[in-house]
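Bear in mind that the values in this text are calculations on the coordinates, not laboratory data. The shown structure was predicted, so the numbers you read here are calculated from the model rather than taken from an experiment. FYI the Cβ positions are ideal-geometry reconstructions off the backbone, even for glycines, and counts take in every protein chain you see.
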Amino acid sequence: MSNDFFCNYYDQGLFIGSTPHGQNTIAMCCWQEKMITDTITFDHSYLQSSRTQSQSHVPDKCSHLCKHANHHNERIRATQESYWDNSGQKIKKLHLEQSLICNLTCISCSSAQSSAWNTHYHLFDNSKSIIRLKKYPEHVWENLDLSELSHIHFTGGEPLLNPDNLKILQHLDNIGRLHSVSLTYNTNGTVRPVQEWIDLWTKAKWVRLHFSLDGVGSTFEYTRYPAAWAQVHENIQWFRQLQGPCVLIEVNAIVGLHNVFNMPEFFHWWQHNCQTGNQGDPSHIFARAIEPTSHGGKVLSLKYLPREFKQQAVDVLQSLKELPGSTELIFLLCKEDSTQWLEYFEKLDQIRGTNWKQCLQGLIKDKQ
């Protein structure tokens, strides 16, 4: 097989996920198509089939993007990590998405990813089921051989609300492996871990927190309801001053027509309030387009930005050349006409008692 298409995940990566119905899913990484299964093993037939295919081509179940040499995707990103050794089929990186428990109803999300959306998401898409949280989710990893593990990536839901994510750190500590493991979390910034969690982080190599913010101030609060910006800002500063573990910081924004004009404030906040982690390591920031994985993700696409706002949006994004990912968004602007985003805001306001015109900053609020 050409080295252009080699991927470290083939023999060393494992993704374990959840469905809204409380089932388990398995894959090599989060980009690969997931298979629902009752049994999680590293020699699972689904993974073995992909490994066999990888000897001659990128496995069929992998993302179509991974079939393009040098495309910036998970396969290329994996080559930049230092913990792979390619010495056999050993779990070196584990991605756990074992609970969809969450405390926010972000407008780009759905009841397929957040239990907080259980009450109202059916008003936008009645085909989505209510999330049923698992009992004893640790059963899916407790018998895995994690003696060679080097990295865990936690997602959710909100992973800092999931006690199972604490249990696996305790397990790694008990088998003497935690000191060799680095940890990453996708978090909404609303939760501070308990002291027991922090003590375990201190034993790990380092912890990277990926804060999903999507904006600042009232734009953040409308987008990631019912989070309070002042509290999340305070929490991030708390993490940056935390004693004990090495905490690395990354912040990101999922950008749609609702928050594109808030990006300068978002970038300015990062420049002045979040330049480093708790030990002086430089933090990172990026922006990417909202994806059609939910009702909000579909209707808030930048392609539906009203055409009269295109030049203002172009000017904003061009002014943010130092914000990774921002200039690529220009090519997505104002492709189609739609008012579904307006209907979405109006229905959200009825449910929440909010006012999108008062909350969302920028020219879009002037659209009647």
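Summary table
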| item | result |
| --- | --- |
| Candidates per trypsin sites (Lys or Arg not before Pro) in segment 206-268, loop by DSSP, up to 11 other Cβ within 10 Å | none |
| Correct option for Rg and Dmax of the Cα atoms in Å [calculated from the coordinates] among (1) 32.2, 105; (2) 20.8, 61; (3) 30.3, 98 | (2) |
| Amide H partners (placed H, <5 Å) of Ser114, local residues excluded | none |
| Tilt relative to the chain, helix 163-174 - C-alpha long axis, 0 to 90 degrees, to 10 | 30 degrees |
| In nm, spacing of pseudo-spin labels at Ser147 and Lys310 (7 Å Cα→C-beta vector) | 6.2 nm |
| Long-range HN-HN contacts of Val251 with modeled amide H, under 5 Å | Phe211, His284, Ile285, Phe286 |
| Kirkwood hydrodynamic radius of segment 117-177, from inverse mean 1/r over distinct Cα pairs, in Å | 14.0 Å |
| Beta bridge orientation in the chain: antiparallel %, DSSP, nearest 5 | 20 percent |
| For segment 265-307: relative contact order, % (alpha-carbon pairs under 8 angstrom, 6 or more apart) | 21 percent |
| Under 19 Å from the Ser338 label point (7 Å along Cα→beta-carbon), backbone N, segment 200-224 | 223 |
| Built amide H within the under 5 Å cut-off of His95, gap 5+ | Leu14, Phe15, Ile16, His153 |
| Cα centroid of segment 183-260 to Cα centroid of segment 280-351, whole Å | 22 Å |
| Descending Cα extents along the principal axes, segment 154-251, whole Å | 45, 25, 19 |
| Per-residue [θ]222 nm for the chain (sum of -39500 (n - 2.57) over DSSP H runs n ≥ 4, rounded to 500) | -7500 deg cm²/dmol |
| Global geometry of segment 271-327, whether rounded, prolate or oblate, following the gyration tensor of its Cα atoms and the 1.5 cut on a/c | oblate |
| Long-range tail of P(r) for segment 200-251 (Cα pairs > 19 Å, %) | 34 percent |
| Choice from Asn278, Asn188, Asn126 with maximal GNM fluctuation in the chain (Cα, 10 Å cutoff) | Asn126 |
| Inter-label distance for Asn273 and Lys67, nm, one decimal - labels placed 7 Å from Cα along Cα-to-Cβ | 4.4 nm |
| Karplus 3J(HN,Hα) series, Hz, for segment 88-101 with 6.51 cos²θ - 1.76 cosθ + 1.60 (x for Gly, Pro) | x, 7, 10, 6, 9, 10, 10, 10, 10, 10, 8, 8, 9, 5 |
| GluC sites (Glu not before Pro) within segment 270-368, DSSP loop, no more than 15 other Cβ atoms inside 10 Å | Glu322, Glu336 |
| Trypsin sites (Lys or Arg not before Pro) within segment 287-368, DSSP loop, no more than 10 other Cβ atoms inside 10 Å | Lys321 |
| Cα gyration tensor category, rounded, prolate or oblate, for segment 75-135 with a/c compared to 1.5 | prolate |
| His139 paired with Gln55, simple spin-label distance in nm, labels 7 Å along Cα-to-beta-carbon | 3.6 nm |
| For segment 53-61, Karplus couplings with θ = phi - 60° (6.51, -1.76, 1.60), whole Hz, Gly/Pro x | 5, 5, 5, 10, 6, 5, x, 4, 7 |
| Angle between the chain longest axis and helix 229-240 axis [Cα atoms, degrees, rounded to 10] | 30 degrees |
| Extension gain, Ala230 back to Asn86 (0.36 nm per residue minus Cα-Cα distance, nm) | 47.3 nm |
| Burial ordering of Phe266, Phe331, fewest other beta-carbon atoms within 10 Å first | Phe331, Phe266 |
